[in-house]
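The values are calculated or read from the model by the stated rules, or taken from the named source; none is laboratory data. Because the structure is a prediction, the values reported are computed rather than measured. FYI the Cβ positions are ideal-geometry reconstructions off the backbone, even for glycines, and counts take in every protein chain you see. Each accessible area value is taken on the protein alone, full model and side chains, heavy atoms only, with ligands, DNA and RNA left out. Shrake-Rupley method; radii C 1.70, N 1.55, O 1.52, S 1.80 Å.
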Amino acid sequence: MSVERITHPYFLGIGGIGMSALAFHYLQKGCKVSGYDRLCSPLTRKLEQAGAVIHYSEDPSLIPEDVTTVIYTPAIPAEHKEWEAIRERGLRCYKRAEILGVLCRLYRTVAVAGTHGKTTTSSMIAYLLQSSIGCNALLGGLSINMGGNCHHDPKSQIMVTEADEYDHSFWQLFPYFSVVTSWDADHLDIYGTVENMREAYLKFMRQSDRFIAEAGLELPFHPKFYYSLEKDGKSAAYAENIRLEGSSYLFTYVGPRGRIENLKMTIPGRHNVENAVAAVSIALEMGVGASRVRALLPGFKGVKRRLELCHKGNRWVYYDDYAHHPAEIEASIAALREYYPRHSMVVVFQPHLYTRTRDLAEGFAQSLSQADELCLVDIYPARELPLEGVDTRLIGNQVAGIPVSYSDRDGVFDWVKERAGRPAEGRQGILFVTMGAGDIDQSVELLIGFFDREDKD
């Protein structure tokens, strides 16, 4: 496949986070871009503003005549009305992962894999490199620093991207350097067992020229080095003297290329200090100087929907988070507890996928029980059909020690508004958190508006 011959790609599912990154890449390269998505969203509107032509109904007549290549996501069903027309026209069709793999072979690619942590870690690496030696980036989240999920630097031969395990997508990548942050059970609808999933990770690691791995991973072969949050006797890279001062973490980085004293990070969570250890390690390995890293790290603003502060007022604090795995939820709740120890924490969680809810219900219940109150929102199905006996009560019935409510997505705003009207019961205030990888984000702007208005009164 020659990516240079792609002059007008058509994207089936253009609004997805990975698909939109590729679409932005081709727009920045000067190509015509068009596509279909089921829903209009802030991402599709931004693509349209950049020049993409997008429609939102399954209509084969709207596929432009001069399309050269179709790029699709596995989430598009086989019975989609546009597939037949695409086949009749004999258009070349590629999965998103295939195109990403071909693109990344044109660069010295840094790829980040992991059940969780990969978006923040890859965004942090991209920020450090882009602000120093330069890089391109195709990310799985919206970097606040970069203003999106794609960065094009025609002068750089470095690409930073995520290596997604879903549907074995990361097997398309052969990175110059990779990071593996975690490999907890997930996507068992694809892999069947945790062992199969981990074998897939091992294959990805073998395809990497060199890689670093979080110290908790037990591997049959050695990475370039392990990293961890703190010194553990196994890791060559870790943080020392971690302390929270105000809303910033200060720590010392220790790694194979030396120490960097008094690093500062302004996003919440000790798990993000560990992500910073990985990002700093890669930046140093790629040639960024220690003094430049020290100067840049405090400026990293994080990723949209990754523990994103949406409102902070006299009565309420509101965060929105993409967490959709028990380990992510546990880390996010722990991070916010450290920041707001005297607030009552109310979590509104929307599970993503019926299979994930079925497979990880007990873990979800355990992690969500760390909140003070919980509202479970109907499961976001994404690509799946409902499964008999699988709904949010599968989680809620196992939650221990806290009140649990239930809502559909359209009712989230009313539920939060009603809960905000009740007292914080002796606490300093109420910390609201919306969590999930589905369409819970469509409630965020409404909630921000509500909290902003109410805290002004």
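With a requirement of 1 or more residues that are of a type in the set (Ser, Thr, Tyr) and either in contact with an Asp or Glu (Cβ under 7 Å, 6 or more places away or on another chain) or crowded, with 18+ Cβ neighbours inside 10 Å (or both), the helices (runs of 4 or more DSSP H) lying completely within segment 246-361 that satisfy it span 270-285, 326-339.
For segment 425-442, the tally of residues that are touching a residue at least 40 places away in the same chain (Cβ under 8 Å), over 14 Å from Val317 (Cβ atoms) and either in contact with a helix residue (DSSP H, G or I) (Cβ under 9 Å, 6 or more places away or on another chain) or not hydrophobic (A, V, I, L, M, F, W, C) (or both) stands at 7.
Would you confirm, using the coordinates I've provided, whether Thr181 is open to solvent by 30 Å² or more (accessible area, probe 1.4 Å) and farther than 22 Å from Ser20 by Cβ? In short, no. Checked against the criterion of being at pLDDT below 95, among the hydrophobic types (A, V, I, L, M, F, W, C) and closer than 23 Å to Asp410 by Cα, the candidates Ala323, Ala331, Ala371 yield just one match: Ala323. Can you find even one residue in segment 221-230 that is more than 17 Å from Ile125 (Cβ to Cβ), surrounded by 12 or more Cβ atoms within 10 Å (Cβ to Cβ) and touching a helix residue (DSSP H, G or I) at 6+ places or on another chain (Cβ under 8 Å)? There is at least one residue in segment 221-230 that is more than 17 Å from Ile125 (Cβ to Cβ), surrounded by 12 or more Cβ atoms within 10 Å (Cβ to Cβ) and touching a helix residue (DSSP H, G or I) at 6+ places or on another chain (Cβ under 8 Å). Of everything in segment 367-390 that's part of a loop (DSSP other than H, G, I, E, B) and touching a Ser or Thr at 6+ places or on another chain (Cβ under 8 Å), which residue is most open to solvent (accessible area, probe 1.4 Å)? Filtering first and then ranking leaves Asp378. Counting only residues that are closer than 13 Å to Asp37 by Cβ and not aromatic (Phe, Trp, Tyr), which one in segment 68-91 is most open to solvent (accessible area, probe 1.4 Å)? That would be Ala75. Exactly one residue among Val293, Val317 is over 21 Å from the mean Cα position of the chain (by Cα) and within 30 Å of Val412 (Cα to Cα), and that residue is Val317. Taking segment 83-112 as the range and being aliphatic (A, V, I, L, M) and closer than 25 Å to Ala213 by Cβ as the test, the residues that pass are Ala97, Leu100, Leu103, Val110, Ala111, Val112.
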